[in-house]
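The values are calculated or read from the model by the stated rules, or taken from the named source; none is laboratory data. Because the structure is a prediction, the values reported are computed rather than measured. Every residue, glycine as well, gets a Cβ built from its backbone with ideal geometry; the counts of neighbours run over all protein chains shown. Just so you know, the surface numbers come from the protein's heavy atoms only, side chains and all, with ligands and any DNA or RNA stripped out. Shrake-Rupley method; radii C 1.70, N 1.55, O 1.52, S 1.80 Å.
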Amino acid sequence: MSGFPAVPTRGFPAVRPRRLRVTPAVRRLVAETSVEARHLVLPAFVREGVSEPVAIASMPGVVQHSLDSLRKAAAEAASLGLGGIMLFGIPLVKDAVGSAGTDPDGILQQALRAVREEVGDDLVVMSDLCLDEFTDHGHCGVLAADGSVDNDVTLVRYAEMAVVQAEAGAHVVGPSGMMDGQVGVIRSALDSAGFTSTSVLAYSAKYASAFYGPFREAVDSSLRGDRKTYQQDPANARESLREVLLDLEEGADMVMVKPASAYLDILRAVADTVDVPVAAYQVSGEYSMVEAAAERGWIDRDRTVLETVTGIRRAGADVVLTYWAAEVAGWLARA
Ligand code: PBG
């Protein structure tokens, strides 16, 4: 019995994954996933009838823009090299059919024209194509007599919306209402009106999610009840693939999964299935949760933001819609 410790077996552990983590340089060399400004799309709200931006209490750091402040945000987004901007309009007057959504002078159309004037083709200009911001009941479509959302009547409204948005300058329209057949009617309405180069980014796999909570305040929505008769059940995965494949048959150019963080399995499955660009939307609640925890000092805000966006990219998103787009792009530019 000697008092010496046993000589460790040479070469044990035989494999040392930590070697590839020893310095920042080696970690950078082997990083599989990157986040670049061009991958990011900034969702932006514009409110009719205001001359100054209005804060959104449930989304600290995000505002309802005036047309003027929106122009500045779009110009900044372009100069940061962001991939795009996704516009949402908040009209002064809401009604049962969401008339402001198809008014050529409605706030969203004004915003599209203003932003295109500002950025030209340097930034991909997208518009949310849905009625909920424009209806007084807050649903994504027109209601039938029994109060349900009438799918086929709504499709007619979406077709009109697509054309006015394209006329106003949208490069990409983003139907987000989860009506059956929406991509097909929008594609044919655009084509008939001569907008064959306007793309459709379909919010294909969109779940009925509590994570949209802060968005309600962001667009002054009066929704009572929920959207469970048209948005997907969080318990389901397979129907996401069905929705995505239907949208592609109907002519979608890109597809989206929404929300992002709680649906990374869906995102991965979609990315492995389709041959078009895949987007994911890190929604209002995902944003506000991080902001709230960071405000209390419970997490490191900036690291958490970058980690969530990286995770969404790693799960298969080519494009990430995030309210942090401009801020993240600013960090990347300085890194
Ligand atoms: C529909 C739309 C919604 C969001 C984007 N488009 C709301 C909803 O479907 O309930 C939510 C975005 C977010 O929460 O950040 N116009």
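Tally time: how many residues in the stretch 84-109 are open to solvent by 20 Å² or more (accessible area, probe 1.4 Å) and more than 20 Å from Ser221 (Cα to Cα)?
Selection size over the stretch 84-109: 2.
Name the single residue, out of those in the stretch 36-55 being crowded, with 21+ Cβ neighbours inside 10 Å and under 18 Å from the mean Cα position of the chain (by Cα), that is farthest from Ala294 (Cα to Cα).
The selected residue is Val46.
When the residues of the stretch 129-160 are filtered to those that are of a type in the set (Gly, Ala, Ser) and within 16 Å of the ligand (Cβ to nearest atom), which remaining residue is nearest to Glu249 (Cα to Cα)?
Once the filter is applied, the top-ranked residue is Gly141.
Would it be correct to say that Ala329 is in contact with a helix residue (DSSP H, G or I) (Cβ under 6 Å, 6 or more places away or on another chain), more than 16 Å from the ligand (Cβ to nearest atom) and open to solvent by less than 10 Å² (accessible area, probe 1.4 Å)?
Taking the combined requirement at face value, the residue satisfies it.
Let me confirm something: among Gly181, Gly177, which residue is more than 20 Å from the chain's Cα centre (by Cα), farther than 26 Å from Ala37 by Cα and modelled with pLDDT of 95 or more?
The conditions single out Gly181.
Residue under question is Asp318, and the condition is that it be open to solvent by 50 Å² or more (accessible area, probe 1.4 Å) and touching a His at 6+ places or on another chain (Cβ under 9 Å); does it hold?
Here the answer is yes, as Asp318 does meet what is asked.
Please go through (1) farther than 16 Å from Thr33 by Cα; (2) part of a helix (DSSP H, G or I); (3) free of Cβ contacts under 8 Å to residues at least 60 places away in the same chain; (4) among the aliphatic types (A, V, I, L, M) for Ala333 and return the number of the only condition it doesn't satisfy.
(3)
Determine, yes or no, whether Val163 is aliphatic (A, V, I, L, M), surrounded by fewer than 20 Cβ atoms within 10 Å (Cβ to Cβ), within 20 Å of Phe134 (Cβ to Cβ) and away from the ligand (no atom under 12 Å from the Cβ).
Against the criterion (aliphatic (A, V, I, L, M), surrounded by fewer than 20 Cβ atoms within 10 Å (Cβ to Cβ), within 20 Å of Phe134 (Cβ to Cβ) and away from the ligand (no atom under 12 Å from the Cβ)), Val163 does not qualify.
Specify the residue that is farthest from Leu264 (Cα to Cα); the eligible residues are those in the stretch 201-228 that are more than 8 Å from the ligand (Cβ to nearest atom) and in contact with a helix residue (DSSP H, G or I) (Cβ under 6 Å, 6 or more places away or on another chain).
So the residue we want is Ala202.
This table checks each residue for (1) farther than 26 Å from His171 by Cα; (2) modelled with pLDDT of 95 or more; (3) open to solvent by 60 Å² or more (accessible area, probe 1.4 Å).
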| position | (1), (2), (3) |
| --- | --- |
| Ser188 | no, yes, yes |
| Asp191 | no, yes, yes |
| Thr196 | no, yes, yes |
| Leu201 | no, yes, no |
| Gln232 | yes, yes, no |
| Asn236 | yes, yes, yes |
